[in-house]
Amino acid sequence: TQLLEQSPQFLSIQEGENLTVYCNSSSVFSSLQWYRQEPGEGPVLLVTVVTGGEVKKLKRLTFQFGDARKDSSLHITAAQTGDTGLYLCAGATRRGSTLGRLYFGRGTQLTVWP
Amino acid sequence: DAGVIQSPRHEVTEMGQEVTLRCKPISGHDYLFWYRQTMMRGLELLIYFNNNVPIDDSGMPEDRFSAKMPNASFSTLKIQPSEPRDSAVYFCASSFKGLWGNTIYFGEGSWLTVV
């Protein structure tokens, strides 16, 4: 059973288009992270959101954490070929004040065509 | 500063053989994580250490898997005996203080194929 469901699994679009990918769970997380992974490399952290309803912007990327801290979305405006990659969301739990586990979704494979 | 360093990058081995994957975390980081990535299951946490002590190994698939961190700059993940279903990319990652607001740095992965 996957704790975090990401959709869509695959997304293929033209350069310049907008897109949104989703990360959903029935569980509440203390924080949620988004990563991008390119072929042959490890995931690279893009952003961490910690407060329900929080919105963070990273250039053309907008990340939102759901009010109930169970879901998140990533919106890309005017996609570029350099945005191609596997986008992973990861939800964090805590054990008291210390680190808990980080659960990853399976990811959305984004391909942006010129 | 060098990132997380993993070796080997690629390994092909026969079923039943012992496999040892190695990781050097970023200097000064006090958390180290081992993940496994497959198409079917995505990225799974196997085990993580804090200050060289294993904190949570509930993701380790079975007794054939073991991980050690003898010091702050080195960790190993061992599979003995290996099976074809162990074929995956194994990532090591490290972070400082492990707070989720901090960045977790992944290595480039060890691509394991068991035939």
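Quick notes on this one:
- Calculated accessible area for chain A comes out at 48 Å² per residue, all protein chains present (probe 1.4 Å; ligands, DNA, RNA ignored).
- Cα gyration tensor shape of the range B:1-100, rounded if a/c is under 1.5, else prolate or oblate by comparing a/b with b/c: prolate
- The fraction of accessible area contributed by carbon and sulfur in chain A is 50 percent, rounded to a whole number (1.4 Å probe; ligands and nucleic acids excluded).
- Alpha carbon convex hull of chain A, volume per residue in cubic angstrom: 100
- Note on chain B: with a GNM built from Cα contacts shorter than 10 Å, the maximum mean-square fluctuation among B:ILE47, B:ILE55, B:ILE26 falls on B:ILE55.
- For chain A, the relative contact order comes to 36 percent (Cα pairs under 8 Å, sequence separation of at least 6).
- Taking the chain by itself as reference, the range A:21-49 contains these residues with an accessible-area loss of 40 Å² or more in the full protein complex (1.4 Å probe, heavy atoms): A:GLY40, A:PRO43, A:LEU45.
- Fraction of accessible area attributable to carbon and sulfur, the range B:1-111 (%, probe 1.4 Å): 51
- Size of the B/A contact, given as accessible area buried on both chains, probe 1.4 Å, in Å²: 2000
- Whichever lysines have a C-alpha closer than 20 Å to that of B:LYS68, once near sequence neighbours (fewer than 8 apart) are set aside: B:LYS24, B:LYS78, B:LYS97
- P(r), alpha carbons of the protein assembly as shown - 5 Å bins starting at zero, rounded %: 1, 7, 14, 18, 19, 17, 12, 8, 4, 1, 0
- Rolling a 1.4 angstrom probe over the protein heavy atoms with all chains in place gives chain B an accessible area of 48 Å² per residue.
- For a label point 7 Å along the Cα-to-beta-carbon line of A:ILE13, residues of the range A:65-86 with backbone N under 13 Å: A:74-85
The values are calculated or read from the model by the stated rules, or taken from the named source; none is laboratory data. All figures in this text were calculated on a predicted structure; none of them were measured in a lab. Virtual Cβ from ideal backbone geometry, glycine too; neighbours counted across all protein chains shown. All accessible areas refer to the heavy atoms of the entire protein, side chains included, with ligands and DNA or RNA removed. Shrake-Rupley method; radii C 1.70, N 1.55, O 1.52, S 1.80 Å.
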